[in-house]
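A quick write-up on the structure given underneath.
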Amino acid sequence: MAEQQELQELRNLEIESDTPNETSPKSQIKILGILLAATSSLFFSLSTLIVKWLEDIHPLQLAAFRFVGILVISVPILIYNKQNPFPKGHRLMLLLRAFAGATTVSLIFYAIRHMPLADASVIVFSVPVMVAIFARIFLKEPCGLFHYFTLFLTMIGVLLITRPPFLFGQSTKQYNFLAPLAALLSTFFGAIVYILLRTLKDLHFSVIMVTFATYSIIQTTSMAWATGNLCWPKSGTEIILIVALGVFSFSASTLITIASQFEEAGLVAIARTVDVVFAFVWQIIFFDQVPCIFSIIGAVLVISSVVLIGLRKWMMSMPSTSSFRKKFGFLLL
């Protein structure tokens, strides 16, 4: 009888563990993680809006101002947590991450300045697909039919957004090849950043942010000076917007970091797709640019790829006995 009672109690515990509890703290934390990821997308989109708006300041100089804002906020956090800003054994990786990050932001700002805001944002947002490829090359992570399918969708989407003249029969005289090229290269360097961050996951985030911001200020300011584009704000409005750029950038980076701690990476990636929606809204409201049908279809394809990758990551975090994982197991191919 005692053994039967113990078995019955174990069964009851299993039933209770399989029953979702909507009011549990764990459920609330997951909802909070998704909300933080979506809020970070709002701040990211506002940052790109400011870059697009400040036409009199070169993108390189705007990138430098952005990094100054990140540095000013990160240093007190570093000091409070008593962290070494340049720890031994991680210095090379920190410098590589800083170089890749500074280059990514500079390319993104250039693309945003010279392309429709929504189009540039969609291309930049395709970085998760590049991350999957780089993870296969450098981290030896599995890459199967699913990854090739999402890569194919992303390539078609990017082609529809950029609409190269040699494919769409347009004149090459007024086509700016550098802007879409910068957006595409930003996904390349952005993927490198994600790979390097995985190797630096044991460091406090303030260490990475301080090193990243310090190096990036030097790189972007030097490039702006070398190209004759070093300039300063000319009005109080520009100063306010530049300060907002730094605050929004830091807030977005911090929120996405916290969201990743609360929720699986896959769901965070899905929540981040709101960024593209914001970009389309800002483009229509502030710049009176209605996206064409090709841009809309391209955006749908790219977002679909990111959502599929997010769902796959989410499913991989589930136990093998999960009914949802069994039902949509084809995503794991």
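Within the shell of other residues whose beta carbon sits under 15 angstrom from the beta carbon of residue 245, the net charge comes to 0, with Lys and Arg scored +1 and Asp and Glu -1. For region 203-211, putting each phi into the Karplus relation 6.51 cos²θ - 1.76 cosθ + 1.60 with θ = phi - 60° gives couplings of 7, 5, 4, 5, 5, 5, 5, 5, 4 Hz, in residue order, rounded to whole numbers and with x for Gly and Pro. For the listed residue pairs 52/234; 82/201; 82/313; 88/201, the alpha carbons are over 27 angstrom apart in 82/313. For region 181-265, the set of trypsin sites (Lys or Arg not before Pro) satisfying both a DSSP loop assignment and a count of at most 12 other C-beta atoms within 10 Å is given as 201, 234.
Simple spin-label estimate for residue 178 and residue 320 gives 5.4 nm between the two label positions (7 Å along the Cα-to-Cβ direction from each Cα).
Show me 63-72, 116-125, 78-87 ranked by packing, highest mean number of other Cβ atoms within 10 Å first.
Details: 63-72: 22.9, 116-125: 27.2, 78-87: 12.6.
Per-residue mean Cβ counts within 10 Å order the peptides as 116-125, 63-72, 78-87.
Scalar couplings 3J(HN,Hα) for region 86-99, obtained by applying the Karplus form with A = 6.51, B = -1.76, C = 1.60 to θ = phi - 60°, are 9, x, 5, x, 10, 5, 4, 5, 5, 5, 5, 5, 5, 4 Hz; x denotes Gly and Pro.
Once both labels are positioned 7 Å from their Cα atoms along Cα-to-Cβ, the gap between residue 289 and residue 240 label points is 2.5 nm. A 1.4 Å probe over all protein chains sorts 316, 115 by accessible area into 316, 115, starting with the largest.
Sorting 286-297, 153-164 by their mean Cβ neighbour count within 10 Å, with the most densely packed peptide first, gives 153-164, 286-297.
The values are calculated or read from the model by the stated rules, or taken from the named source; none is laboratory data. Here the structure is a predicted model, which means the values were calculated and not measured. Counting neighbours? That spans all protein chains shown, and the Cβs are built from the backbone with ideal geometry, glycine included. SASA here: full protein model, heavy atoms, side chains in, ligands and nucleic acids out. Shrake-Rupley method; radii C 1.70, N 1.55, O 1.52, S 1.80 Å.
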